[in-house]
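First up is the structure itself, then whatever we jot down about it.
The values are calculated or read from the model by the stated rules, or taken from the named source; none is laboratory data. The structure presented is a predicted model; accordingly, all values stated were derived computationally and were not measured. Positions of Cβ are backbone-derived with ideal geometry, glycine not excepted, and every protein chain shown enters the neighbour counts.
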Amino acid sequence: MAQPNPPHSHRRTTTTGSNAPPNNDVANAIGGGGGGSFLTKYFLVILFGFACLSLALNSRFTKVVVEDVSIIETVLKDSVQQLSFLNRQHPVLDDDHTRKEKNGNDSDDVSLKKQKQRPQVQDTSKDQRSNNDINTHKIANLNCNAYRGPSQEAAQEMVYWEDIPQDAEYVSPFHRKNRAKSMPVTQFLTFEPDHGGWNNIRMAMETVLAMAVAMGRTLVLPPHQSMYLLTKQEKGQRSHFSFDHFFHMESISQEHAGLDIISMTEFLELCMKGLVVDDKTGEPLYPPGNRTNWDGTSGSERSMLNDWIRSKSQMLTWDCEECVAAFPATTSEEDRKALEALPEQIKASGGFPPWQDYVGKPNPVDASPFERLKEMNAEREEVCIYTPELQQASWVHFPVGNVEQEGGEVEESRLLVHFYAFLFFQDWRHDLWMKRFVRDHVRYIDELQCAAARVVVALRNRVLKRSGGKSNEFDTIHIRRGDFQYTVTRFEAPKIVEMLSKKIVDNSTLYIATDERNKTFFDPIKARYDVVFLDDVVSELEGVNTNYYGMIDQLVASRGRIFYGCWFSTFTGYINRLRGYHADDHKLPGYKDGIIPSYYYALEDRFDHMQKFYPVKKSFYAREFPTSWRLIDTSIERQK
């Protein structure tokens, strides 16, 4: 939260010392020279005395004010913090909003919704990333002027997200705004980041974020910390991260009536003020050692905080392999009971069908809860309901790793699942809203989008030159090797060439996103294609944190004409979801079934799985599914 500027002491500047210009009147009065009456001289002497006294008092007053600035600032800081919490509970709303429109030029500034008066998520590192200035940044806009380009027109190629003002007004039926009598205070959701690589971390975060919105809870971001493989420190660059360093978390919170996002530091400051209490005893919950800032701490230090969080919160260990997280359409008992009864009704009508029954045969997006649950069940025959008891908990927490249950049993808790493969909404419109929310707002920050756009421009210019101006299209592939645990996908280069040749003609420009550092591995591919790596266009990434290169690779790969990926890779999966968003936006062939021009080089039997609709199925993380992007604007289009 930005702190108020300290009050300034206003004082008149007086010139003194040997360099001061002489005052002839005063000099004459003191020295007795020149004309003038005795009274005049006497008056001037008295005036000079008062001037000296005034100067001394003014200097003394200024010294006191300067010494007391810290006291004044402390009082102001405390007052602003209390005011900001009240604003979170009773946000002031502005009625200005605009109609739905795609990103445009600077002149097409988009006023997204009622503006909640709340502070930014505090970045305690003092990182001066201008695109996260909540006073000016809007997620719908993508302007690369602050990031060395490219042009506005070129940057728009990266844009798949929409600006839908009415979506910003959505508030969960379980949010305290919709049940002020039964829940008059703010409720919180905390979570531990996944322990895997970045795209596992991202996937789990999306799921938790979606649940925070569905539950109507304030999401608390974990402290800044190191993340697996994102630890490069050259030139003093950042190597400890929270999610606000990858996504516009402040803007996401600011732009939605039904969502607040705060940092762990802000949450613990509320605890220190006694504003977070134990549900059973009503006693204030103070953090370990009364410490509020845990950013950049080691894993052993952070475990102290995690242990405290687990002990003080209502832990949720829903198993995404065994149940779907189900949310009733309203807070009514009737809707809750109807949702709870769905699994037994399906079993009584012949049972849950196998996922194969839905290949190429998706349900309408507005199908009944009965039919939609059958399609997304993925061998899960239970629902984890957001019960009235959970709705009353002031603070819920999603742990990662081993969790000791009542009775001493230890279970592993991990949300290695896509948000849309876990959350089930009784109301189909809530389901589509959540998918649009993630598409339109949970996207990489402008700095990464613009860096990727510069690379795409360089690639298109390369193809234009090679083709004599006849084409600017390139193809892309993600080749996963490195530490990947699924060795069955570790194909040698000649085999990869064989798979590529099925869809990509010789001598095409092929952009390769990869973690393989031995470039000689790619020689057989280079013999057939005009190969480009991110290293070849690194001049476009001047000043960009090298820990971001993987995300930039994903964005660039998403813009290829044809894309090849690796089964089991969440890195590949996210590229395909981005391609799905673009395909739906541009109404490409097959978009109504979620089909995109993507293929798998590994595994061979999955080569063309993106050419048919596949329902959600296990293993969830192995790929992304068309339900996340297919016809998700339907409920909005019907309102037109």
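Condition check: in the same structural domain as R436 (by TED's automatic domain parsing), at pLDDT 95 or above, surrounded by 22 or more Cβ atoms within 10 Å (Cβ to Cβ) and of a type in the set (S, T, Y). Does S251 satisfy that? The answer is yes for S251.
Here the condition is being outside the structural domain of F620 (by TED's automatic domain parsing), touching a Ser or Thr at 6+ places or on another chain (Cβ under 9 Å) and either of a type outside the set (S, T, N, Q) or without any contact (Cβ under 8 Å) to a residue 24 or more places away in the chain (or both); of G401, G407, it holds for G401 alone. Restricting to region 336-385, give me the number of residues that are farther than 20 Å from V616 by Cβ and surrounded by 19 or more Cβ atoms within 10 Å (Cβ to Cβ). Residues that pass the stated criteria total 1.
In region 256-267, the condition of being assigned to a loop (DSSP other than H, G, I, E, B) and touching a strand residue (DSSP E or B) at 6+ places or on another chain (Cβ under 9 Å) is met by at least one residue.
Every condition in (1) under 15 Å from the mean Cα position of the chain (by Cα); (2) under 20 Å from Q449 (Cα atoms) holds for V220 except the one numbered (2). Each residue in region 258-307 was checked for being free of Cβ contacts under 8 Å to residues at least 40 places away in the same chain and among the aromatic types (F, W, Y), and 1 pass. Just one of the listed residues (A452, A421) is assigned by TED's automatic domain parsing to the domain that holds Q254 and modelled with pLDDT of 95 or more, namely A421. Pairs linking a residue in region 142-156 that is closer than 21 Å to F247 by Cβ and among the hydroxyl-bearing types (S, T, Y) to a residue that is at pLDDT 95 or above and exposed (fewer than 14 other Cβ atoms within 10 Å of the Cβ), with Cβ atoms under 9 Å and 6 or more positions apart or on different chains, are Y147/G543. If you go through region 392-412 and keep only what is surrounded by 19 or more Cβ atoms within 10 Å (Cβ to Cβ) and either of a type outside the set (A, V, I, L, M) or at pLDDT below 95 (or both), you end up with W395, H397, F398, P399. In region 210-239, which residue that is in contact with a strand residue (DSSP E or B) (Cβ under 9 Å, 6 or more places away or on another chain) and hydroxyl-bearing (S, T, Y) is surrounded by the most Cβ atoms within 10 Å (Cβ to Cβ)? That would be T218.
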